[in-house]
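Accompanying notes for the structure given below.
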Ligand SMILES: NC(=O)c1ccc[n+]([C@@H]2O[C@H](COP(=O)([O-])OP(=O)(O)OC[C@H]3O[C@@H](n4cnc5c(N)ncnc54)[C@H](OP(=O)(O)O)[C@@H]3O)[C@@H](O)[C@H]2O)c1
């Protein structure tokens, strides 16, 4: 009997934090992972690739550079990934500042990374995903407009709400094309971005998040979901 081919994911932003943890879990689930990093520095993904050379590949990508997205698309043409997941994201350095207090430079940096860069990566790399595959992006519960009753984290919230809006437009343009689309709200997790006060570790959360993403296969259309698979209000 022919061997079943392992599933594959193109994971954008896999050098550390949630992205690196996702790479570990996908490998443990038997998937082949192509993870992207921005530079040659040592990181957890490189260690994973050393330990699992048959399962892990590494590519370079900074999502704020459209030329790099196009070049990656050309390098990986014909790959037929089962999933594309754009995890890359950033936050403004002072999360307590209000929108009007934020410098223009910082506003632009966060918005260009979290909204424009992520959507350019989705648009530029979606052709690498199989017709029955999954395209996911890392949003945040803070991107929910309906749930914003406490305020705070204003620039970051706005960038993730913008991302959600752009994914809705993407979904509308791609209605009926068969793929599952997911905006993931992972919960507040201890990473460099999440900070040491976050209630959850990557070990507690990322296996469930990965299994929820895998379960999206075959579920056409866009969902804004948490790591348990529950719907998050827009
Ligand atoms: N941690 C949380 O509590 C939490 C909650 C909700 C949502 N999120 C979202 O989850 C994602 C990952 O967050 P994290 O907590 O793991 O943050 P993190 O530890 O700061 O890691 C951020 C990751 O994104 C990559 N990245 C940043 N800018 C990039 C760019 N321009 N091009 C390509 N890669 C880029 C980083 O690469 P480098 O190593 O090269 O910098 C790194 O791999 C983000 O989208 C974040 O908004 C996190």
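The values are calculated or read from the model by the stated rules, or taken from the named source; none is laboratory data. Quick caveat: nothing in here was measured; it's all calculated off a predicted structure. For neighbour counting, all protein chains shown are included, and Cβ atoms are generated from backbone atoms with ideal geometry for every residue, glycine included.
Note on segment 212-222: residues that are away from the ligand (no atom under 16 Å from the Cβ) and out of contact with any helix residue (DSSP H, G or I) (no Cβ under 8 Å at 6 or more places or on another chain) amount to 7.
Which members of segment 1-18 meet the condition of being in contact with a strand residue (DSSP E or B) (Cβ under 6 Å, 6 or more places away or on another chain) and either closer than 20 Å to residue 217 by Cα or at pLDDT below 95 (or both)?
Taking segment 1-18 first, the residues in contact with a strand residue (DSSP E or B) (Cβ under 6 Å, 6 or more places away or on another chain) are 6-12, 14-15.
Within segment 1-18, 6, 7, 8, 9, 10, 11, 12 meet the criteria.
Of the residues screened, residue 209 is not one that is free of Cβ contacts under 8 Å to residues at least 60 places away in the same chain, under 23 Å from residue 9 (Cβ atoms), under 15 Å from the mean Cα position of the chain (by Cα) and outside any loop (DSSP other than H, G, I, E, B). From the list 171, 161, 185, 198, which one is away from the ligand (no atom under 16 Å from the Cβ), surrounded by 14 or more Cβ atoms within 10 Å (Cβ to Cβ) and at pLDDT 95 or above? 171 is the lone residue from the list that is away from the ligand (no atom under 16 Å from the Cβ), surrounded by 14 or more Cβ atoms within 10 Å (Cβ to Cβ) and at pLDDT 95 or above. Annotation: residue 147 fulfils all but one of (1) surrounded by fewer than 21 Cβ atoms within 10 Å (Cβ to Cβ); (2) part of a helix (DSSP H, G or I); (3) within 14 Å of the ligand (Cβ to nearest atom); (4) over 15 Å from the mean Cα position of the chain (by Cα); the unmet one is (2). For segment 20-46, filtering for residues that are farther than 20 Å from residue 125 by Cα and away from the ligand (no atom under 14 Å from the Cβ) leaves 4. The residues of segment 127-144 that are over 22 Å from residue 205 (Cα atoms) and crowded, with 18+ Cβ neighbours inside 10 Å, listed by number, are 128, 129, 133. Checked across segment 212-231, the condition of being more than 15 Å from the chain's Cα centre (by Cα) and buried (at least 18 other Cβ atoms within 10 Å of the Cβ) holds for no residue. Within segment 87-118, the set of residues being part of a loop (DSSP other than H, G, I, E, B) and either under 14 Å from residue 157 (Cα atoms) or out of contact with any strand residue (DSSP E or B) (no Cβ under 6 Å at 6 or more places or on another chain) (or both) comprises 89, 90, 91, 92, 93, 94, 95, 96, 97, 98, 102, 103. Just for segment 95-110: of the residues that are more than 12 Å from the ligand (Cβ to nearest atom) and touching a residue at least 12 places away in the same chain (Cβ under 8 Å), which one is surrounded by the most Cβ atoms within 10 Å (Cβ to Cβ)? Ranking the qualifying residues of segment 95-110, first place goes to 102.
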